[in-house]
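Colleague: One structure, as structure tokens, below. Some questions next.
The values are calculated or read from the model by the stated rules, or taken from the named source; none is laboratory data. Just so it is clear, the model here is predicted, and its values are computed rather than measured. Note: ideal-geometry Cβ built from the backbone for every residue, glycine included; neighbour counts use all protein chains shown. Remember, those area values only see protein heavy atoms, side chains included, never the ligands or the DNA or RNA. Shrake-Rupley method; radii C 1.70, N 1.55, O 1.52, S 1.80 Å.
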Amino acid sequence: MNILVINCGSSSAKFQLFDIDNGTVLAKGNAERIGIDGKLTFKPTGKDEFVSTDPMPDHKVAVKMILDALVDKTHGVISDISEIAAVGHRVLHGGKYYSASVIVDDDVKRVIRECFPLGPLHNPANLIGIEACEAVLPKGTPQVAVFDTAFHQTMPPKAYMYALPYEYYEKYSIRRYGFHGTSHRYVSHRVADFLGKKYEDLKIVTCHLGNGSSFAAVKDGKCQDTSMGLTPLAGICMGTRTGDIDPAIVPFIMKKEGLSPDEMDNLLNKKSGVQGISGVSSDFRDLEKAAKEGNERAQLALDMFAYQGKKIIGSYAAAMGGVDVVVFTAGIGENTDHMRAAICKDLEFMGIEIDDSVNTGLRGKEAIISKPGSKVTVCVIPTNEELAIAQETKALI
Ligand code: ADP
């Protein structure tokens, strides 16, 4: 069974076609610069890459071009679009409405629209992607929405409420939602399988450390808490996002610098984080290089990231009454041995002991990186959000 996974942004549509029965990728690529000029990069497995710069005035045309590429006689991987059993869409925000993926119908589209204010950059694009697929694929092809927020919907109110006047929760649905849910769910389940343990029996802290980074506390098979909030700005400092700061800083800077709400939002999301601290880069590879060459602000940014990550793991251990497993995933979590070691350093008191002989140099593969006697098992589990979306889609149809 073939499942197409689409992750639509405002001017792009990333895609992967899976043969889900054996989990293989038949083709993947990206339609970029939609509405500007257009560039389709199409990578069929085992064949040469194909690039088209035909105009892409809107998402409907982009989806049509992706489908045409999939069935193309030369570089295509299927002979007819009826071989696509369903499409799984990554959707940022399902608000409080969805704790699992759903088959898209008019009601689901209404909710995705209702959540536009909560995910103003992503949800409109996600809906456009769904409607473009509906318009171009054979009628009746199921479209499935897989929400970034869904996994975190099991959090109790004491974890998701902010201590603002209650009316803002009622009026505007302001609360913690959390993101990267597909990844947290995937790696938390995967690590239980990998360790041969029952998911429901484990207390797990999942650390998704990439350009955007978030943590989740998973106990009794449910997400109990997570570090991102109403938006992905909260939690640990990230590539260009502040993470948690004293909220009073926001009006303070706005007044001092005469910034509008949008300008402040931009500063918090795009100009802060390790980029803002180091002045070097948002990319951890650049930071490590600069720090090695003696750049003190790059080192400070790395130290802050490790320190904040360590504090979140400690707080989740406290929240869950202990921790059995810590999992690292995503670009930094999978590839950066220094950062994994720095985050876990000084956590020996709570039973986290890293085995340097395994951790050092380990990249992008499943492994236990704690010492055999370590009370807490620390693992690296590469995430695969697209595969997880395809699996969810298959399960639903
Ligand atoms: P996102 O999906 O959020 O854009 P990723 O999960 O790809 O982000 O993570 C990007 C981050 O991971 C970057 O800071 C980058 O430095 C880091 N990273 C990715 N690959 C490597 C690698 N091979 N070695 C070290 N760091 C890496």
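Colleague: How large is the helix-only mean residue ellipticity at 222 nm for the chain, computed as the sum of -39500 (n - 2.57) over DSSP H runs with n ≥ 4, divided by its residue count, in deg cm²/dmol to the nearest 500? Spell out each step's value before the answer.
Modeller: Values: 15 runs with 151 residues, N = 397.
So the helix-based figure for the chain works out to -11000 deg cm²/dmol.
Colleague: Further question: Find, among the trypsin sites (Lys or Arg not before Pro) in the stretch 70-178, those assigned to loop by DSSP (not H, G, I, E, B) with at most 13 other beta-carbon atoms within 10 angstrom. Walk me through the intermediate numbers first.
Modeller: Details: sites: Lys73, Arg90, Lys96, Lys109, Arg110, Arg113, Lys139, Lys158, Lys171, Arg175, Arg176; in loops: Lys73, Lys96, Lys139, Arg175, Arg176.
Counting only loop positions with at most 13 other Cβ atoms within 10 Å, the trypsin sites (Lys or Arg not before Pro) in the stretch 70-178 are Lys73, Lys139.
Colleague: Quick check: at a probe of 1.4 Å, how many percent of the accessible area of the stretch 233-324 sits on carbon and sulfur atoms? Write out the running numbers ahead of the final one.
Modeller: Numbers: 2690 of 5050 Å².
Roughly 53 percent of what the probe reaches on the stretch 233-324 is carbon or sulfur.
Colleague: Would you please name the GluC sites (Glu not before Pro) within the stretch 268-319 that are DSSP coil residues with at most 12 other C-beta atoms within 10 Å of their C-beta?
Modeller: Working: sites: Glu288, Glu293, Glu296; in loops: Glu293.
Those satisfying the criteria are Glu293.
Colleague: Next up: In debye, nearest 20: dipole of the chain around its Cα centre with unit charges on the Cβ of K, R (+) and D, E (-)? Each step should come with its number before you reach the end.
Modeller: Working: 44 positive and 50 negative charges, 107 e Å.
Using Cβ point charges on Lys, Arg, Asp and Glu, the chain gives about 520 debye.
Colleague: Still on this structure, please answer the following. Over the alpha carbons of the stretch 37-184, what is the largest minus smallest coordinate on each principal axis, giving the biggest first in Å?
Modeller: Principal axes ranked by extent give 60, 28, 28 Å for the Cα atoms.
Colleague: How large is the translational diffusion coefficient of the stretch 277-395 in µm² per second when you combine the Kirkwood radius over alpha carbon pairs with Stokes-Einstein at 10 °C and 1.306 mPa s?
Modeller: Numbers: Rh = 15.4 Å.
It diffuses with D of about 103 µm²/s by this estimate.
Colleague: Oh, and also: Under a 1.4 angstrom probe, counting protein chains only, how are Met155, Met65 ranked by accessible area, largest first? Write out the running numbers ahead of the final one.
Modeller: Numbers: Met155 5, Met65 30 Å².
Ranked list, largest accessible area first: Met65, Met155.
Colleague: Hey, another quick one. DSSP loop (so not H, G, I, E, B), at most 16 other Cβ within 10 Å: list which trypsin sites (Lys or Arg not before Pro) in the stretch 199-285 pass both filters.
Modeller: Details: sites: Lys203, Lys219, Lys222, Arg241, Lys255, Lys256, Lys270, Lys271, Arg285; in loops: Arg241, Lys271.
The qualifying sites are Lys271.
Colleague: Quick check: Cα centre of the stretch 68-114 to Cα centre of the stretch 164-202, how many Å?
Modeller: Using only Cα atoms, the two centres lie 22 Å from each other.
Colleague: Using the heavy atoms of the protein chains and a 1.4 angstrom probe, tell me the accessible area per residue for the stretch 284-397 in square angstrom. If you can, show how the numbers build up before the last one.
Modeller: Details: 5350 Å² over 114 residues.
Result: 47 Å² of accessible area for each residue.
Colleague: Just to confirm, what accessible area per residue do you get for the stretch 1-133 at 1.4 Å probe, in whole Å²? Intermediate results must be reported in sequence, preceding the final value.
Modeller: Values: 6030 Å² over 133 residues.
For the stretch 1-133, the per-residue accessible area is 45 Å².
Colleague: Relative to the longest principal axis of the C-alpha atoms of the chain, give the angle of the C-alpha long axis of helix 261-270, reported between 0 and 90° and rounded to the nearest 10°.
Modeller: Roughly 80 degrees, rounded to the nearest 10.
Colleague: Further, regarding this structure: Using the Kirkwood radius over Cα pairs, work out the Stokes-Einstein diffusion coefficient for the chain at 25 °C and 0.890 mPa s, in µm²/s as a whole number. Don't skip to the answer; put the middle values down first.
Modeller: On the way: Rh = 22.2 Å.
The diffusion coefficient I find is 111 µm²/s.
Colleague: Another question, if that's okay. Too long at a 18 Å Cα-Cα cut-off: which of Lys96/Lys139; Lys96/Lys158; Lys39/Lys60; Lys47/Lys73?
Modeller: Details: Lys96/Lys139 30 Å; Lys96/Lys158 15 Å; Lys39/Lys60 14 Å; Lys47/Lys73 12 Å.
Over 18 Å Cα-Cα: Lys96/Lys139.
Colleague: Which lysines have a Cα less than 20 Å from the Cα of Lys197, not counting those fewer than 8 places away in the same chain?
Modeller: Straight-line reach from Lys197, under 20 Å: Lys219, Lys222, Lys365, Lys371, Lys375.
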